[in-house]
Amino acid sequence: MSDETKSCPTPSNAEPTATRSTVPMWVFSLTLVLLFLGFVYFDHHGGWFDERVYGPYASADQLDSYQPKSGAAAAIARGRKIYESNCGTCHGADGLGKPNQAPPLAGSEWVKAKGVQRLTHIPLMGIAGSITVESQTWNLQMAAMGAALPDADLAAVLTYIRSSWGNGMGEVTADDVKAARAAIGANPHPMSGDEMMKMPE
Amino acid sequence: MNDLSQQKIDASCRVPLLALFGGAALWLVVGLALSIIASLTFHAPQMFACCSLLTYGHAQAAANDAILYGFCIPAALGVMLWIFARLSQAELVLPLVPVVAAHIWHVGVLVGIVAILIGDSTGFAWLEFPRSSSVLLFAAFLLIAVSAVATFGQRKERELYPSHWFLLAALLWFPWIYSTANLLIASGHPVRGVTQAVIGWWFADNLVFVWLALVGLGVAFYFLPKLAGKPLQSNHFALFAFWTLILFGTWCGIPQGAPVPAWLPALSTVASSLLIVPLIAIAVIVVKTVCGADVHCKGGPFCYIKFGSAAFLLSGLMLIASACPHFSRIVQFTWFGPAQEQLQILGFFAIIICGAVYELLPRIMDFELPFPKFVRFQHWCFMLGIVLLAGSLAIGGIEQGLKNYDLATTLPFLRASTTGLLFLLLGSLLFAANIFVMTLKWKLALIKSVIAAVTAPLEVSEVKP
Amino acid sequence: MKNGISVFIAAFIALGASWCGFVLAPALQLGTAKQTAVLNSGDTYPVQRTGDATLGLQVYRANGCAACHTEQIQQTGIAFEVVLTGAGKNPDAVSNLISTLKLTGLTKEEADSANDKITAVGGKVETHLIPTGADISRGWGVRRSVAADYLYDSPVQLGSLRAGPDLADAGTRLNNASWHLLHLYAPQSVVKNSAMPPFRFLFETRKIGDAPSPDALNLPSEFAPPAGYEIVPKPEAKQLVAYLLSLHADVPLYEAPYTPVQISTNAPAK
């Protein structure tokens, strides 16, 4: 044995043994209490094994009820995509327009008007003749770029245009687009700025 | 059982255990040195900036794996073989198998460490060794397990002692978790997406917490009664601790707030809170077994094992705390996690295994330790080192969490932890010195006896007339 | 226990149970996941990385970046905000009501009741959902990370320590390739007192040829190479930067819903 262990009573070479005293009852009770509390915790925080429930959502029902409804904010995301593929080439991804191609949409009084009737008519009918946008006259032609889009999609694009680039206006609903389509009827024709001013806002 | 048969039992373990412990001691030194290099990166980021080998991402991973796979597991298996031989009161069965396996193991670790340093790591914590290395480790472990189970099967006393349960469970645990992790996440066709992380957490918890706990407690429950001269208190309580540890401990891996469905971290939180039960049971067993023992082993193996048991309880409490949602919001992703892991690996496991090795080494070699004073010196180095390392990282982690992950506020704590690592390195050098000199002395004695046998004058009867 | 077999069975049951719970069940539930739909949009998520970004993930793994950086954003709460989108027919009544109501930091019930009150006087409102949490307030992301974010990652590098900031949304927050290259070569040149080690071995110092390389880094004087030399990123550095720029977590999903901030900086008129 080493010097250090010589100072201890030499451990017997016999193998260790264990006593047979019983486990006190309180240990089992503690385990059961903790198991119960654990079950309660899992019930509140476990989402019952649902793969879509992540903390802090407590259940699939809560997650479902908290989903943001397809409101303006959701429409904007959609509208942005459609804008970039349909309108952005001429009006610019930044809404500033391009000279000799398309007037700006950022700050445009047609976009920022309180009512949406005139705005909804533009993509559904197109523009021919002159139109004044932000004190500049534009004498170009616009096809009815939105005529082929479904109501909800066109509403999303217009909502996006109305809320982006500092315009800060509210949404255009699918109902607005539907009403405009109904008002246009079977023969849409491109209008000039003056003709559109005769429409109610 | 007379002394001679005890000697034979001990002697049968000599070669395999020296093969395991020799490499293990070397890996402990290497691992702690790499830890120091990694930790220095925070004080002086420019220090190892030139070479890609020693960048923090490589050095820290290599250090962790060198200590766990290089030191902890082989040393654990060596002590386990001896305990099985002693409890069975039979010589080690198939003694050559662990010798071969030990060499395969250490080669595997070398391949793995080099792979990590050159960048060929798998990217999963505690599983960084590439396939070339993990196959070697798996094979070596199975070989040693065969010898261990065969020795266990030779036992004359059929009733099992508590250490048997813990150590046998460990022999099943490691191959299962290691093969699962290597096949499902560190492979050419891993599972998809975040499932990899879930299995990675399951593996890390089962290896670093549960496996080390099983072996460490199995070793502690063997040596504490032996060194205290009292029986273990008690068999039933140890059975209760065993069952609750393996039932609850294995579910503790998933961290709070992880990007996985809520049921996974919820289950882990519940399991972690239930972990208090086996901790209480183990605390009661250790305290009742140790208290009242009329033993004053200054800095000897008994002190090692007592300190290690206390460190286990503290590490378990830290694990439970870091699973509580409110506390984890502060300490998650801070140094608190590494503090708990280092406390578990170095503070609990390494110290218990070193104590066990110091206790059994003179017996299997049949001569005294070459540097007996080192035992006490190492004990103080390790105690101080662990307190500095784990303590400062834990407090630094809480501070880091409260201050918005601002690393600058934790620099003084990191400096303290580096100092702790230096003490641990010193202790590991003392350990390695004892083992190497002992191996050298034994080899020299072997050579001397061979030379003596060869050059001895012939007996008259041997010469043909 | 009486014999080795019963110990084996006990360990088998315990480990088998957790294997079923944490290996088998997640593999069945998450391991078979496919792309998911972005909330209120036709897009699918996530988009698979291509080219340099895919190789960059392996550079990230090989250099052990996950040892200091995490790639997961956490969320601890859900807050609601009620926003007026139209004044309706009684703008005065609506603005009087608005001034008495709390409109931000609401719970669902409070938001619904505010919604009802305003609609009753003719105003048009929207309820916005905003995830809250320390990571989100730090600007490290806009929503929590979920399984869908890592669908195509192999290996998933979630990380477990934040010695540096979280990177889940790094491509959105730090989307400048030259900043990343400078940061990798000399972190202290772009982040004061950074503890990140310089990754100079990802770059090459070479003599300036006939003309300076277009890839050469534009370093401040204390970190610049000696005169006549330039620092050029190796392919690994470019791949790593491509990977970092590909890290986004800014799309609302069913599991992690939120109301995206509008493109304009002005909120609709209140």
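Computed from the coordinates by the stated procedures, all read-outs in this text should not be read as laboratory data. Since this is a predicted model, take the numbers as computed values, not measurements. Note that each Cβ is placed from the backbone with ideal geometry, even for glycine, and that neighbours are counted across all protein chains shown.
For this structure, a couple of remarks:
- Calculated Rg and Dmax of the range C:124-270 using C-alpha coordinates, Å: 19.4, 66
- Label point 7 Å beyond Cα of C:LYS89 along Cβ direction - residues of the range C:124-162 with amide nitrogen under 17 Å: C:124-125
- By the compact-protein rule of thumb, 2.2 N^0.38 Å, the alpha-carbon radius of gyration of the range B:389-465 corresponds to a ratio of 2.46.
- Here the Karplus relation 6.51 cos²θ - 1.76 cosθ + 1.60, evaluated at θ = phi - 60°, turns the backbone of the range B:359-364 into coupling constants of 6, 8, 4, x, 6, 6 Hz, with x for every Gly and Pro.
- Translational diffusion coefficient (Stokes-Einstein; Kirkwood radius from C-alpha pairs) of chain A at 20 °C, 1.002 mPa s, in µm²/s: 96
- Placing pseudo-labels 7 Å out from each Cα toward the beta carbon at A:GLU201 and A:THR22 gives an inter-label distance of 8.8 nm.
- Highest mean packing first, where packing is the average number of other Cβ atoms within 10 Å per residue, the peptides B:280-289, C:199-208, B:332-341 line up as B:332-341, B:280-289, C:199-208.
- Database remark: amide H of C:ILE78 closer than 5 angstrom to the amide H of C:THR132 (H placed geometrically; neighbours at sequence offset of 5 or more, or on other chains; Pro and chain starts carry no H).
- Kirkwood hydrodynamic radius of the range B:1-158, from inverse mean 1/r over distinct Cα pairs, in Å: 16.7
- For chain B, alpha-carbon Rg over 2.2 N^0.38 Å: 1.00
- Derived value for the range A:26-67: Kirkwood hydrodynamic radius 11.4 Å. Basis is the mean of 1/r over every pair of different alpha-carbon atoms.
- For the segment C:193-202, counting C-beta atoms of other chains within 10 Å of every residue's C-beta and taking the mean gives 6.
- Modelled label positions at B:VAL114 and A:SER85, each set 7 Å beyond Cα in the direction of Cβ, lie 5.5 nm from each other.
- Using the Cβ-Cβ distance between B:SER132 and A:ASP43 with R0 = 35 Å, the FRET efficiency computed as 1/(1 + (r/R0)^6) comes to roughly 0.15.
- Segment A:ALA147..A:ALA60, full-extension length gain: 27.3 nm, with 0.36 nm per residue of separation and the alpha-carbon distance subtracted.
- FRET efficiency, A:ALA93 to A:ALA186 (Cβ-Cβ, R0 30 Å, nearest 0.05): 0.30
- Overall Cα dimensions of the range C:77-132, principal axis frame, Å, largest first: 35, 17, 14
- The stretch between C:VAL261 and C:THR50, if pulled fully straight at 0.36 nm per residue, gains 73.2 nm over its current Cα-Cα span.
- With the simple spin-label model, which puts each label point 7 Å out from Cα in the Cβ direction, the C:TRP179 to C:ALA120 separation comes to 4.8 nm.
- Pairs spanning more than 30 Å between alpha-carbon atoms, out of A:LYS112/A:LYS178; A:LYS178/C:LYS117; B:LYS288/B:LYS403; B:LYS8/B:LYS373; C:LYS34/C:LYS117; B:LYS306/B:LYS443: B:LYS288/B:LYS403; C:LYS34/C:LYS117; B:LYS306/B:LYS443.
- Contour minus Cα-Cα distance for C:THR104 and C:ASN3 (0.36 nm per residue): 29.8 nm
- For the protein assembly as shown, fraction of C-alpha pairs farther apart than 36 Å, in %: 58
- Under 16 Å from C:LYS108, Cα to Cα: aspartates and glutamates that are on another chain or at least 8 residues apart: A:ASP61, A:ASP64, C:GLU81, C:ASP116, C:GLU126
- For the residues A:ILE76, A:ILE184, A:ILE161, a GNM of chain A with alpha-carbon springs under 10 Å puts the largest fluctuation on A:ILE184.
- In Å, descending, principal axis extents of the Cα set of the range B:57-96: 47, 19, 6
- Long-range HN-HN contacts of C:LEU39 with modeled amide H, under 5 Å: C:LEU253, C:TYR254
- Peptide C:57-63 is shielded by partner chain Cβ atoms: per residue, an average of 4 of them sit within 10 Å of its Cβ.
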